[in-house]
Every structure is written in structure tokens, then in C-alpha cells.
Amino acid sequence: MKCQAVLREVFQQVFANPDLEIRPDMTPNDIDGWDSMAHVNLVAAIELRFKVKFGSKELRGVRTVGDLGRLIDGKLAQ
């Protein structure tokens, strides 16, 4: 994931945890507070920070932090 450092900052901001470290294999079960509402906030923050837009179909395939990073990398490469 080329975007990992910035993505980590977004996660830290959304989850109000400056010490939060993320790994590509992490799922919502691995991060305290990552529920459906936090997911909406996370996606909105990512779209704003990276200046990208996701379709609901794209987001359905996201299961891990790595999936999210690959989706961002793909958008940035377009």
C-alpha cells in the first residue's frame, strides 16, 4: 500500500487514537470502535483526504485495511 502512512493518520484521526497502528490484514474486529457509523466516517475522511470518491459497489468488497489501501491506490493511479 503506497498510501499507508497517510491512511494511518486518517485512522488515527477518525478513531481519536494517535497511537493506532494499522496493518493490511486488520479488520473492523481488530479496531475498537470500528462499527457501521465509524465506517461511514472513515470512508468520508478518506475521500476528503485523498480527494477520491468511492461507489457503494467498490466498498462492498472491502474487508480489511489492505483492501481499503488497494482501493485507494487504484483510485490514485487513475
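Restricting attention to region 3-14, does a residue exist that is outside any loop (DSSP other than H, G, I, E, B) and either basic (Lys, Arg) or touching a Ser or Thr at 6+ places or on another chain (Cβ under 8 Å) (or both)? There is at least one residue in region 3-14 that is outside any loop (DSSP other than H, G, I, E, B) and either basic (Lys, Arg) or touching a Ser or Thr at 6+ places or on another chain (Cβ under 8 Å) (or both).
A Cβ distance below 6 Å, combined with a sequence gap of six or more or placement on separate chains, defines the contacts here; from region 6-35, residues that are closer than 18 Å to residue 49 by Cβ reach residues that are outside any helix (DSSP H, G or I) and of a type outside the set (Phe, Trp, Tyr) in the pairs 8/22; 11/20; 11/22; 12/18; 12/20; 15/33.
Please state which one of 55, 33 is on the phi > 0 side of the Ramachandran plot and exposed (fewer than 15 other Cβ atoms within 10 Å of the Cβ). Break it down into steps so the answer makes sense when it comes.
Numbers: 55 fails: on the phi > 0 side of the Ramachandran plot.
When all the criteria are applied, what remains is 33.
Does region 21-73 hold any residues that are in a helix (DSSP H, G or I), out of contact with any helix residue (DSSP H, G or I) (no Cβ under 8 Å at 6 or more places or on another chain) and either over 17 Å from residue 8 (Cα atoms) or among the aliphatic types (A, V, I, L, M) (or both), and which are they? Answer for region 21-73, where residues must be in a helix (DSSP H, G or I), out of contact with any helix residue (DSSP H, G or I) (no Cβ under 8 Å at 6 or more places or on another chain) and either over 17 Å from residue 8 (Cα atoms) or among the aliphatic types (A, V, I, L, M) (or both): 36, 37, 40, 44, 48, 56, 57, 60.
Against the test of being at positive phi and of a type in the set (A, V, I, L, M, F, W, C), the options 16, 38, 5 yield a single qualifying residue, 16. Number of residues in region 5-22 that are within 14 Å of residue 65 (Cα to Cα), acidic (Asp, Glu) and loosely packed, with under 14 Cβ neighbours inside 10 Å equals 1.
Could you please find all residues in region 36-57 being of a type in the set (A, V, I, L, M) and touching a residue at least 24 places away in the same chain (Cβ under 8 Å)? Residues satisfying the conditions are 38, 42, 45, 46, 52. Residue count for region 43-66 under the criterion of being out of contact with any Ser or Thr (no Cβ under 7 Å at 6 or more places or on another chain) and farther than 15 Å from residue 5 by Cα: the result is 16.
Checked against (1) part of a helix (DSSP H, G or I); (2) aliphatic (A, V, I, L, M); (3) buried (at least 17 other Cβ atoms within 10 Å of the Cβ), residue 76 passes all but a single condition, namely (3).
Computed from the coordinates by the stated procedures, all read-outs in this text should not be read as laboratory data. Not measured: the values here are computed from a predicted model. Virtual Cβ from ideal backbone geometry, glycine too; neighbours counted across all protein chains shown.
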